[in-house]
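Structure, as structure tokens:
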Amino acid sequence: VNARAAAQSHSKVGKYLLFETLGQGAFGKVKLGIHEDTGKTYAVKMMQKSQIRAHEMTNQVRREIAVMKAMRHKNIVNLYEVLMSPKHIYMIMDLVEGGELYDELMRRGPFDENEARVYFKQLTEGMLYCHARGVFHRDLKFDNLLLDKDGVIKIGDFGLVSIKGAGSATELLHTQVGTPHYTAPEIITRASDGYDGVKVDVWSSGIILYGLVAGSLPFMDEDIQVLYNSIVNKGVECPPEFSPGLVDLLENMFRKDPSKRYSFSDVKRHVWYGESEGDSEGEP
Ligand code: ADP
Ligand code: MG
């Protein structure tokens, strides 16, 4: 990277020159970073140590970072490095430049089922890759789905549980801005000590799929107790325009009992998942 770029940068972390803020997260800012030797661009997530769990490189933190760095998939935001200064943790990630899926949904949505399926398949592929490696997301929601320049989904905010906390529940405790609309019932009822990370992610992916096609979320209420009560006790009512195949898939993703709920492998085998554009119109 040239001297002009270096002159414009405000600060530096490791070999990365930091530029403008790309977004504000719950724990800190995300900035544009340029590697001073290669000139490659990255997104650098800065988190204040005071706001997160890990204040130092414990073995647990080291292990999680190693797992996250080893993961490479076209539908996840790849993590390259984690750097620490006395007050901050910096996560060096893929720079994703197509904005948030949510904004696309607001601009062009709700999507028809074929369009929604394209995004949903990308989400599913990314999740299958992670679940196969024992990594769960635990905080899937529209905010964490970014689009690259080609409009392909990149799932962000993955892993690093020991740095960030255990997901939305902890995020809620820390910041009171986390969104509970995607929370699986077993987390609310604390039905068991540990929960199945796969099934928690499938539940929130069901919320996202519903949202893509309906343009709104299945569980909504201003009052969090009412919201939680619906998640735990009420079935999801799909709008009448949803196809029977989609309704059936969602019912299986929204089973209250996690042991009866689909995994992503089950999702992939469902008939709606396998349908392709044109099938529903009866075209050749
Ligand atoms: P938090 O989970 O703390 O809310 P996020 O990781 O979601 O923080 O980041 C906050 C915002 O920063 C996102 O909504 C997005 O606009 C931007 N952002 C995050 N990661 C990237 C990235 N890899 N590339 C580009 N922008 C990003
Ligand atoms: Mg986020």
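Values computed for the structure shown
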item: Some residue of segment 19-29 being part of a strand (DSSP E or B), among the polar types (S, T, N, Q) and within 16 Å of ligand 1 (Cβ to nearest atom); result: yes
item: Residue list for segment 94-114, filter: over 15 Å from residue 146 (Cα atoms) and either of a type in the set (A, V, I, L, M) or without any contact (Cβ under 8 Å) to a residue 24 or more places away in the chain (or both); result: 108
item: Where residue 118 falls short, out of the listed (1) more than 13 Å from ligand 1 (Cβ to nearest atom); (2) more than 25 Å from residue 66 (Cα to Cα); (3) in contact with a helix residue (DSSP H, G or I) (Cβ under 6 Å, 6 or more places away or on another chain); result: (3)
item: Residue list for segment 25-40, filter: under 15 Å from residue 93 (Cα atoms), at pLDDT below 95 and of a type outside the set (D, E, K, R); result: 25, 28, 30
item: Any helices (runs of 4 or more DSSP H) falling wholly within segment 78-197 and containing at least 3 residues that are modelled with pLDDT of 95 or more and over 17 Å from the mean Cα position of the chain (by Cα); result: 113-132
item: Given (1) buried (at least 17 other Cβ atoms within 10 Å of the Cβ); (2) more than 10 Å from ligand 1 (Cβ to nearest atom); (3) not small (Gly, Ala, Ser), number of the condition residue 94 does not satisfy; result: (2)
item: Boolean, residue 205 is assigned to a helix (DSSP H, G or I) and of a type in the set (Gly, Ala, Ser); result: yes
item: Test for residue 207: is it closer than 19 Å to residue 180 by Cα, among the hydrophobic types (A, V, I, L, M, F, W, C) and modelled with pLDDT under 95; result: no
item: Breaking point among (1) under 25 Å from residue 100 (Cα atoms); (2) surrounded by fewer than 17 Cβ atoms within 10 Å (Cβ to Cβ), for residue 250; result: (2)
item: Qualifying positions in segment 239-263 - in a loop (DSSP other than H, G, I, E, B), of a type outside the set (Lys, Arg) and within 23 Å of the chain's Cα centre (by Cα); result: 254, 257, 258, 259, 262, 263
item: Residues satisfying the stated conditions in segment 253-271, i.e. in contact with a helix residue (DSSP H, G or I) (Cβ under 7 Å, 6 or more places away or on another chain) and crowded, with 16+ Cβ neighbours inside 10 Å; result: 253, 254, 256, 258, 261, 262, 263, 264, 267, 270
item: Residue within segment 63-73 that is at pLDDT 90 or above, within 15 Å of the chain's Cα centre (by Cα) and not in a loop (DSSP other than H, G, I, E, B) present; result: no
item: Where residue 60 falls short, out of the listed (1) under 18 Å from residue 139 (Cβ atoms); (2) of a type in the set (S, T, N, Q); (3) in contact (Cβ under 8 Å) with a residue 60 or more places away in the chain; result: (1)
item: Condition met for residue 226 (assigned to a helix (DSSP H, G or I), at pLDDT 90 or above and surrounded by 17 or more Cβ atoms within 10 Å (Cβ to Cβ)); result: no
item: Residues of segment 97-151 classified as among the basic types (Lys, Arg) and surrounded by fewer than 20 Cβ atoms within 10 Å (Cβ to Cβ), total; result: 5
item: Which numbered condition residue 155 misses (of (1) away from ligand 1 (no atom under 16 Å from the Cβ); (2) crowded, with 21+ Cβ neighbours inside 10 Å); result: (1)
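The values are calculated or read from the model by the stated rules, or taken from the named source; none is laboratory data. On a predicted model such as this, the values are computed, not experimentally measured, just so you know. Because the Cβ atoms are built from the backbone with ideal geometry, glycine has one as well, and the counts that use them run over all protein chains shown.
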